[in-house]
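The values are calculated or read from the model by the stated rules, or taken from the named source; none is laboratory data. Not measured: the values here are computed from a predicted model. FYI the Cβ positions are ideal-geometry reconstructions off the backbone, even for glycines, and counts take in every protein chain you see. Note: accessible area is taken over every heavy atom of the protein model, side chains too, but ligands, DNA and RNA are not part of it. Shrake-Rupley method; radii C 1.70, N 1.55, O 1.52, S 1.80 Å.
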Amino acid sequence: MANFSTIKHLYQSNRLYHPARTLYWRLLKQERLVKFHQEVTFYSQLLEPDSLCFDIGANIGEKTEALFKAGMRVVAFEPQPNCMKELAARCSRYRSKLAKCECAVGAEPGITELYVHTHHAHSSLDQNWTVSEVVSSVYVPVVTLDRAIAKFGEPQYCKIDVEGWEYEVLKGLTQPIPLISFEYHLQEDNIDKTLACIDYLSHLGELYINITPAETLLLTFQEWLPVKEFLKSFPNSFRSRQEYNYGDIFVKIQ
């Protein structure tokens, strides 16, 4: 059977996308199907039904689809046209609950340069993001979180995964969102960015923090930690644990 990435473009504009992908998952990628159901359960437990969610750096819509399956409404932000096209196909059955924004999110509205990597999931507004090779660049529109909230309403949850640009996204926010998650990396040049994100959010309200390891939506702490308690263990306590080389930090703002 052909790799799904080689045939999915044939199906993005018609009703064969979902049957083809489901068949691919069941025959060759059962672990991906298990992970998807785990994500749905995670979001179902974390959020109230019908919560409005922002998916910033939505890429091809994997998290967006899991949020829909968990019963949420989603605004998906993604500047790469090909990724947004697949997201639309993936989430077509939820179109009444989906708003698509083919743009980036940053500190100021305007136009900026997106550095396109060999793998679309690694494309970034950070020129120095070196997870994979840059093959081209394009200029994309940028909105701020504040403007997105003014247009779509306040989300109960905002997921941010923008390959090193998380702090810039948060700088466009001047009001608390009940729950935010953002990707972190424990490489030395990225730790300061993560700490800057936490510090910035601490000015918007009282923070309670949790963390998940790489590609696993499983909260590490049974009880959410106040920011000072969290920073007693982060990043030093996680450096020796391979599964925490990167992951997501979840922040409740009260």
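Quick one: length gained pulling SER92 to GLU215 fully straight, 0.36 nm per residue minus the C-alpha distance? Could the numbers behind the result be given before it?
On the way: separation 123, 0.36 × 123 = 44.28 nm, distance 2.47 nm.
Here the answer is 41.8 nm.
How many percent of the accessible area of region 38-167 is carbon or sulfur, using a 1.4 Å probe? All intermediate terms of the calculation are to be shown ahead of the outcome.
On the way: 2680 of 5760 Å².
It is 47 percent, rounded to a whole number.
Can you work out the accessible area per residue across the chain, with the rest of the protein chains kept in place, probe 1.4 Å, in square angstrom? Intermediate results must be reported in sequence, preceding the final value.
Values: 12610 Å² over 254 residues.
Roughly 50 Å² per residue, with all protein chains present.
Could you order peptides 151-164, 238-251 by the average number of other Cβ atoms within 10 Å of their residues, highest first?
151-164, 238-251
Compute for the chain: radius of gyration divided by Kirkwood radius, i.e. Rg/Rh, restricted to C-alpha atoms, rounded to two decimals.
My calculation puts Rg/Rh at 0.95.
Equivalent ellipsoid semi-axes for region 128-218, as square roots of 5 times the alpha carbon gyration tensor eigenvalues: give them largest first, rounded to whole Å. The partial results should precede the final answer.
Values: eigenvalues 100, 72, 32 Å².
Equivalent ellipsoid semi-axes, largest first: 22, 19, 13 Å.
Going through the cross-link list LYS63/LYS100; LYS85/LYS159; LYS63/LYS159, which pairs have a Cα-Cα distance over 18 Å in this structure?
Over 18 Å apart, Cα to Cα: LYS85/LYS159.
How high is the relative contact order of region 142-254, given as a whole-number percent (alpha carbon pairs under 8 Å, six or more residues apart)?
Relative contact order here is 31 percent.
With label points built 7 Å along Cα→Cβ from the Cα atoms of GLN127 and GLU113, find their separation and express it in nm.
0.5 nm
With the cut-off at 1.5 for a/c, could you classify region 76-175 from its C-alpha gyration tensor as rounded, prolate or oblate?
Oblate, because a/c is 1.5 or more while a/b does not exceed b/c.
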